[in-house]
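What follows draws every value from the coordinates through simple rules; no lab data is involved. Computed from a prediction, not measured in an experiment: that's the story for all the values here. Neighbour counts are summed over all protein chains in view; Cβ atoms, including those assigned to glycine, are modelled from backbone coordinates with ideal geometry.
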Amino acid sequence: MNTIVSRVHVGSLFTDQFRLEPALQRARGFFSYTTHSEGGSTIGKGKGQLAGGGSSFGLASLWRPSIVVGLLYIVFFMLVTISHHYPLLHYVHIGNYFASVARKPIRPGELNGAGGYDGQFYYFIARDPVHAASLMDDAPYRYQRIVYPLLAFILSFHQAALLPPVLLLINFASIVLSVEIVARLLERYQLSPWYSLAIGLYFGQATALLFDTTEPLTYGLLCAGLLLLDKKKMTWAAIVMGIAVLSRETAALFPGGLIVYYLFHRNWREVFRFSLISFLPTIIWYALLVVIFGKTGLTYAPTFQLIPFKGLFVFSSDLPRFIPLLVMMFIPTIIGWLLFLRATIKRQWAGATWFIWFINLALVTCLAPGSYKELVSAGRLSMGIVLAILLYGWQSRNKWVLWGAQIYALTGFIYALGILQIIGHYPS
């Protein structure tokens, strides 16, 4: 790609037709951190958007959002584990049925009802990637998200006893690194890194951690891809995003949004790059699943609803289930839509980020009742909306949006209080 094309189509990737807000105020408040400029940006245009560098290391440098989030998760996890006397294998959530199929010894605290939860399937794949299909309800569907269990298989050195802590550590590290990456991207745009608390403290991250599912790793990879994109490392960004899509299919909304943007601007090189690198590995893997199992498993997932929030309001008569969904899913999503409409009315399109934010909002709004049935599934499926709103916020430097995103951070505290049974008990 020549220099001119790079500046027009890459340099303005997320800021095309965007009217920047007035210069940031240098207030000393918690959310008014700024840094020194170090040049231009790959995915934002204008001077002085990147913030730089060379502060010396000291104790003050440890006061980071990622450190705070990491400590909060450690305390939360220890409280849950100690108060309920859970072994680490509990968080795999093996159901009675699948334990009997696996002929696995049953101990108190390890089983979680008849069916268990999705984490058990990642555990089975990581324990024996070749022969785990017989332990699953729908093997091709479970094998779609291969990255998380395969990484656990590698890091556990094929030792089953190491798998429960390894699965937890992968997700814990992914959450902390996601916060750190988003914090650094915010700093590059002369914004407070503390806005990144939203991605770390969203309750969907906590549910995925406690249930050993793939979302923290998936969105950690997407964060890394966005950082690489911002640094003009386009091929590496496409590769990392491709791994994210192979980890969880909902990650496709991010490289898919980029491809739509490139198509609109007739940047065929980037269309080809992201289509080939970010989606082809998943297509090949799904084709291989068809060869092995005779189907992909795509039809096993719940279908989306055409009526907004129909899937959520199905549970309006079940108040113990409906009220938490209302507080942690409906209200934040409505606030997200209001912020989105405000930005749209002001014609703050912000290029691809506007569209990525929109499709993530639409996904959450149209989730099926089966996805809203549990806080765990609803939280996991909606994690993309948090990254999307932060992405739009830092690219546009829109503090209204970044402040509004902190509603997602509050959901984490509410969820923790419920799990610890301080404000009641959430239905499964």
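Residues whose amide H comes within less than 5 Å of that of K232, counting only those at least five positions distant or on another chain, are T42 (H built at 1.01 Å from N in the peptide plane). Remark: the range 248-260, residue by residue, has Karplus-estimated 3J(HN,Hα) of 7, 5, 5, 5, 4, 4, 7, x, x, x, 5, 5, 4 Hz, where x stands for each Gly or Pro and the curve is 6.51 cos²θ - 1.76 cosθ + 1.60 at θ = phi - 60°.
Couplings 3J(HN,Hα) of the range 80-94, computed from phi: 5, 5, 6, 5, 9, 6, 7, x, 4, 5, 4, 6, 6, 6, 7 Hz, in residue order, whole Hz [Karplus 6.51 cos²θ - 1.76 cosθ + 1.60, θ = phi - 60°; x for Gly and Pro].
For the residue pairs K231/K346; K231/K295; K233/K310; K233/K399; K232/K346; K233/K295, the C-alpha atoms sit more than 31 angstrom apart in K231/K295; K233/K310; K233/K295. Backbone amide hydrogens, once placed in the peptide plane, bring G116 within less than 5 Å of G95, N96, excluding anything fewer than 5 places away on its chain.
Treating only the Cα positions of the range 221-368 as identical point scatterers, give the base-10 log of I(q)/I(0) from the Debye formula at each q in 0.08 Å⁻¹. Each listed q maps to, in turn, -0.30. Net charge dipole, the range 277-410: roughly 340 debye, given to the nearest 20, about the Cα centre with Cβ charges of +1 for Lys and Arg and -1 for Asp and Glu. Distance from the C-alpha centroid of the range 317-360 to that of the range 261-311: 23 Å, rounded to the whole angstrom. Taking amide hydrogens as placed 1.01 Å from N in the peptide plane, the amide H of A368 sits under 5 Å from those of Q305, each at least 5 positions away in sequence or on another chain. Rounded to the nearest whole Hz, the Karplus-based 3J(HN,Hα) values (6.51 cos²θ - 1.76 cosθ + 1.60, θ = phi - 60°) of the range 383-390 follow the sequence 5, x, 5, 6, 5, 5, 5, 5, with x at glycine and proline. Two decimals is fine: what is log10 I(q)/I(0) at q = 0.12 Å⁻¹ for the range 337-413, from a Debye sum with one equal scatterer on every Cα and no solvent? Result of the Debye calculation: -0.34.
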